[in-house]
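See structure below.
The values are calculated or read from the model by the stated rules, or taken from the named source; none is laboratory data. All figures in this text were calculated on a predicted structure; none of them were measured in a lab. Every residue, glycine as well, gets a Cβ built from its backbone with ideal geometry; the counts of neighbours run over all protein chains shown. We work out accessible area using only protein heavy atoms, side chains counted, and drop any ligands, DNA or RNA first. Shrake-Rupley method; radii C 1.70, N 1.55, O 1.52, S 1.80 Å.
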Amino acid sequence: MPAETTLDPVIVTMTGNEHRELSELQKSILRLKEEKNAVILAHNYQVAEIQDVADHVGDSLGLAYNAQETDADVICFCGVHFMAETAKIINPGKRVILPDLEAGCSLSDSCPADKLAAYKEKNPNDYVVAYINCSAGVKALADVICTSGNAVKIVQQVPEDRDILFVPDQNLGQWVARQTNRRIKLWPGSCYAHILFSKDQIERLKLDYPGAPVVAHPECVESVRLMADEVCSTEKMVHYCKSSPADTFIIVTETGMLHRLRNEIPNKSFIAGPTENCACNDCRFMKLNTLEKLHSCLETLEPEIDVDPDVIEKAKPPIQRMLDWSAS
Ligand code: 13P
Ligand code: SF4
């Protein structure tokens, strides 16, 4: 007779129809999560094993709403620093933790708060629209925040008589300017990972998959955006690929996105967009979070995200304005 065991497999139900058996480490993470009354929010670029234990997997906008709505005591943010900081600004009374504090963002770093403050001194009438990929200090200087999922909608609501400064992503800002016909001044920042995708390599790949629509993130350079069939946020990629009649897609963004797409749309195929040197592209910051670090951070509730209360006070209104304008 087989020995009785209490180690029954824990089966996780995915957002799609897939059921996956969890590893011991993943099961332990789920137990710790219950013990600490924590919610795990994971960005679409996180490694598959982290996405599989998260309560919510989504884009920056969706996760900001999830952070606003949660009644958990602890928000464990599996993403990069500015995302966890945003969750803290929305929930100053909650403990917000990030598996690896070094998970930064090159785009966020390209716009230091002191440089933006100096610019604003000289241009006091500019309406500052800040992409959520920026520090809390930059958010505190902005009039409104946006994500790639709502940037067009947000810019359309900026008063017509105001000049707009868009920080820090020049590529997203340029794309929004084209969509809205608004004159926008662009801060010279960019995402080190998205600007590597190459139009020539994507064209070469298309020879093998002539019917596959190209779906690109707006942080890509204009030559890539122009050849794309759809330019959108990571969350909108899921909706686009679900509703499109095509069965194969070239996905021009960070590779974590492929796991989300394959989970939710198992009957279709997704091919990573290439750079000049590689068949796909990871964000080195997003990939700093690992299952082991997630486990240890739930055990110790460290590293904790700490934001100066004065900065929180100033950064909250532009974030709330985004959430309100986006829902309207
Ligand atoms: P999304 O909001 O579209 O998920 O993008 C976040 C990001 O960091 C893209 O590089
Ligand atoms: Fe920042 Fe680019 Fe990584 Fe997104 S992919 S977190 S913009 S470095």
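How do E121, E24, E235 rank by accessible surface area computed with a 1.4 Å probe, from largest to smallest?
On the way: E121 155, E24 100, E235 40 Å².
Of E121, E24, E235, the descending order of accessible area is E121, E24, E235.
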_log10 of Debye I(q)/I(0), alpha-carbon scatterers only, for segment 53-208 at 0.19 Å⁻¹_ = -1.20
*Ignoring any ligand, DNA or RNA, what whole percent of the accessible area of the chain comes from carbon and sulfur when the probe is 1.4 angstrom?*
49 percent
_Peptides 273-281, 104-112 ordered by average Cβ neighbours within 10 Å, highest first_ = 104-112, 273-281
*Determine, at each q value in 0.12, 0.17, 0.18, 0.24 (inverse angstroms), the log₁₀ of I(q)/I(0) that the Debye formula gives when each Cα of segment 168-249 is one equal point scatterer.*
-0.37, -0.72, -0.80, -1.20
_Rounded to the nearest 10 Å², what accessible area does C220 have for a 1.4 Å probe in the complete protein model?_
0 Å²
*Per-residue HN-Hα couplings for segment 271-279, Karplus 6.51 cos²θ - 1.76 cosθ + 1.60 at θ = phi - 60°, whole Hz, x for Gly and Pro?*
10, 5, x, x, 9, 5, 10, 8, 7
_Just to verify a number: FRET efficiency for E24 and K185, C-beta to C-beta distance, R0 = 41 Å, to 0.05?_
0.20
*Please give the per residue accessible area of the chain, computed with a probe of 1.4 Å over protein heavy atoms only, in Å².*
44 Å²
_Give me, ordered by chain and number, the residues 5 or more places off S269 or on other chains with an amide H under 5 Å from its own placed amide H._
T248, F249
_So if I place +1 on the C-beta of Lys and Arg and -1 on the C-beta of Asp and Glu, and nothing else carries charge, what would the dipole magnitude of the chain be about its Cα centre? I want it in debye, nearest 20._
980 debye
*Divide by every residue of the chain the summed helix terms, -39500 (n - 2.57) for each DSSP H run of at least 4, and state the resulting mean residue ellipticity at 222 nm, rounded to the nearest 500 deg cm²/dmol.*
-12000 deg cm²/dmol
*Take every DSSP beta bridge whose two residues both sit in the chain, then give the antiparallel share in percent to the nearest 5.*
15 percent
_Using Cα springs under 10 Å in a Gaussian network model of the chain, which residue among E222, E35, E302 shows the largest mean-square fluctuation?_
E35
*Applying the Karplus parametrisation 6.51 cos²θ - 1.76 cosθ + 1.60 with θ = phi - 60° to the phi angles of segment 99-105, what ³J(HN,Hα) value in whole Hz is obtained for each residue in order, glycine and proline being reported as x?*
x, 9, 5, 7, 6, x, 6
*Determine the dipole magnitude for segment 127-248: charges of +1 sit on the beta-carbon of Lys and Arg, -1 on that of Asp and Glu, nothing else is charged, the reference point is the Cα centre, and the result goes in debye to the nearest 20.*
180 debye
*What is the set of long-range amide H partners of T253 at a cut-off below 5 Å, with H atoms built 1.01 Å from backbone N?*
G273
*Note down the relative contact order for the chain as a percent, whole number, built from C-alpha pairs under 8 angstrom at least six residues apart.*
22 percent
*Förster radius 25 Å - calculated FRET efficiency between K287 and D208, Cβ distance, rounded to 0.05*: 0.40
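Taking a ≥ b ≥ c as the square roots of the eigenvalues of the Cα gyration tensor of the chain, is the shape rounded (a/c under 1.5), prolate (a/b larger than b/c) or oblate? Please report the intermediate quantities before stating the final value.
Values: a/c = 2.06, a/b = 1.20, b/c = 1.72.
Because a/c hits 1.5 or more and a/b fails to exceed b/c, the chain counts as oblate.
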*At 7 Å along the Cα-to-beta-carbon direction for both R31 and Q156, put a label point, then send me their distance in nm to one decimal.*
5.0 nm
*Under a 5 Å amide H to amide H cut-off, with H placed in plane at 1.01 Å, what residues pair with V96 once short-range neighbours are removed?*
I75, I305
*asked:* For K139, give me every one of the lysines with a C-alpha distance below 18 angstrom, ignoring sequence neighbours fewer than eight places off in its own chain.
replied: K88, K115, K120, K185, K314, K316
